[in-house]
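Engineer: This is the structure I want to talk about, given as C-alpha coordinates.
The values are calculated or read from the model by the stated rules, or taken from the named source; none is laboratory data. This one's a predicted model, so the numbers in the text were calculated from it and none came from an experiment. So basically every Cβ, Gly included, is an ideal-geometry build from the backbone, and we count neighbours across all protein chains shown. Surface accessibility is based on the protein's heavy atoms, side chains included, excluding ligands, DNA and RNA. Shrake-Rupley method; radii C 1.70, N 1.55, O 1.52, S 1.80 Å.
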Amino acid sequence: MKFAEIEAGQIIDAGTVSVSEKEIIDFARQFDPQWFHLDLPRAQASRWNGLIASGWHTCCLAMRLVCDNVLVN
(Lines give C-alpha, C1' and ligand atoms only; values in the text may rest on other atoms or scores of the structure.)
Protein backbone atom coordinates (compact mmCIF):
# COMPACT_ATOMS: atom_id res chain seq x y z
CA MET A 1 0.00 0.00 0.00
CA LYS A 2 1.16 3.52 -0.72
CA PHE A 3 0.27 6.64 1.31
CA ALA A 4 -1.92 7.85 -1.58
CA GLU A 5 -4.08 4.71 -1.20
CA ILE A 6 -4.93 5.40 2.44
CA GLU A 7 -8.39 6.93 2.89
CA ALA A 8 -9.74 9.13 5.67
CA GLY A 9 -11.40 7.00 8.34
CA GLN A 10 -9.81 3.81 7.10
CA ILE A 11 -8.82 1.37 9.85
CA ILE A 12 -5.52 -0.41 9.31
CA ASP A 13 -4.15 -3.12 11.56
CA ALA A 14 -0.40 -2.50 11.60
CA GLY A 15 0.34 -5.07 14.31
CA THR A 16 1.68 -4.66 17.81
CA VAL A 17 5.00 -4.12 19.50
CA SER A 18 6.20 -4.62 23.06
CA VAL A 19 8.98 -2.66 24.70
CA SER A 20 11.04 -3.60 27.71
CA GLU A 21 11.88 -1.31 30.60
CA LYS A 22 15.48 -1.32 29.38
CA GLU A 23 14.42 -0.16 25.91
CA ILE A 24 12.35 2.67 27.42
CA ILE A 25 15.31 3.80 29.54
CA ASP A 26 17.87 3.43 26.73
CA PHE A 27 15.79 5.53 24.33
CA ALA A 28 15.11 8.15 27.01
CA ARG A 29 18.77 8.45 28.00
CA GLN A 30 19.69 9.22 24.42
CA PHE A 31 16.74 11.30 23.21
CA ASP A 32 14.26 12.32 25.94
CA PRO A 33 15.88 12.31 29.42
CA GLN A 34 12.87 13.26 31.52
CA TRP A 35 12.50 11.69 34.98
CA PHE A 36 9.28 9.78 34.19
CA HIS A 37 11.18 7.87 31.49
CA LEU A 38 14.32 7.26 33.58
CA ASP A 39 13.76 7.30 37.35
CA LEU A 40 11.83 4.15 38.30
CA PRO A 41 11.28 4.92 42.01
CA ARG A 42 10.10 8.45 41.27
CA ALA A 43 7.91 7.26 38.39
CA GLN A 44 6.36 4.55 40.60
CA ALA A 45 5.39 7.22 43.13
CA SER A 46 3.83 9.38 40.40
CA ARG A 47 0.36 9.31 38.87
CA TRP A 48 1.70 6.89 36.22
CA ASN A 49 2.71 4.24 38.80
CA GLY A 50 5.84 3.42 36.80
CA LEU A 51 8.00 4.37 33.88
CA ILE A 52 6.32 5.53 30.72
CA ALA A 53 7.79 5.47 27.24
CA SER A 54 8.61 8.75 25.54
CA GLY A 55 6.05 9.99 23.05
CA TRP A 56 8.92 10.23 20.56
CA HIS A 57 9.69 6.56 21.24
CA THR A 58 6.09 5.51 20.63
CA CYS A 59 5.98 7.52 17.39
CA CYS A 60 9.13 5.76 16.20
CA LEU A 61 7.64 2.38 17.06
CA ALA A 62 4.43 3.26 15.22
CA MET A 63 6.41 4.27 12.13
CA ARG A 64 8.28 0.95 12.26
CA LEU A 65 4.94 -0.91 12.31
CA VAL A 66 3.64 1.15 9.39
CA CYS A 67 6.78 0.55 7.32
CA ASP A 68 6.83 -3.18 8.09
CA ASN A 69 3.12 -3.95 7.82
CA VAL A 70 1.36 -1.28 5.79
CA LEU A 71 3.74 0.33 3.33
CA VAL A 72 4.88 -3.01 1.94
CA ASN A 73 6.20 -2.98 -1.61
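Engineer: Before rounding to the nearest 500, sum -39500 (n - 2.57) across all DSSP H runs of length at least 4 in the chain and divide by the residue total; then give [θ] at 222 nm in deg cm²/dmol. Don't skip to the answer; put the middle values down first.
Structural biologist: Details: 4 runs with 35 residues, N = 73.
So the calculated ellipticity at 222 nm is -13500 deg cm²/dmol.
Engineer: Let me ask something else. Using a 1.4 Å probe on the protein heavy atoms only, what accessible surface does K2 show? Give it in Å² to the nearest 10.
Structural biologist: 130
Engineer: Here is a follow-up. Looking at the chain, which GluC sites (Glu not before Pro) are DSSP coil and have at most 11 other C-beta atoms within 10 Å of their C-beta? Numbers along the way, then the final one.
Structural biologist: Values: sites: E5, E7, E21, E23; in loops: E7.
Sparse-neighbourhood loop GluC sites (Glu not before Pro): E7.
Engineer: Specify the angular offset, from 0 to 90 degrees and rounded to the nearest 10, of the alpha carbon long axis of helix 21-31 from the longest principal axis of the alpha carbons in the chain.
Structural biologist: Compared with the principal axis, the helix lies near 90 degrees.
Engineer: Taking 8 Å as the Cα distance limit and 6 or more residues as the minimum spacing, I'd like the relative contact order of the chain as a percentage. Show your work: numbers first, answer last.
Structural biologist: Working: 60 pairs, mean separation 27.7, N = 73.
Relative contact order for the chain comes out at 38 percent.
Engineer: Please report the projected area of the chain's Cα convex hull averaged over all directions, in nm².
Structural biologist: Details: hull surface 24.9 nm².
Computing the convex hull of the Cα atoms and averaging its projections yields 6.2 nm².
Engineer: Which distance in nm do the two modelled labels at M1 and R47 give, with both placed 7 Å along the Cα-to-Cβ direction?
Structural biologist: The modelled label-to-label distance comes out at 3.4 nm.
Engineer: Inverting the mean 1/r over all pairs of different Cα atoms, compute the Kirkwood radius of segment 32-73 and quote it in Å. It would help to have the intermediate numbers written out before the result.
Structural biologist: On the way: mean 1/r = 0.0859 Å⁻¹.
Taking the inverse mean of 1/r over all distinct Cα pairs, segment 32-73 comes out at 11.6 Å.
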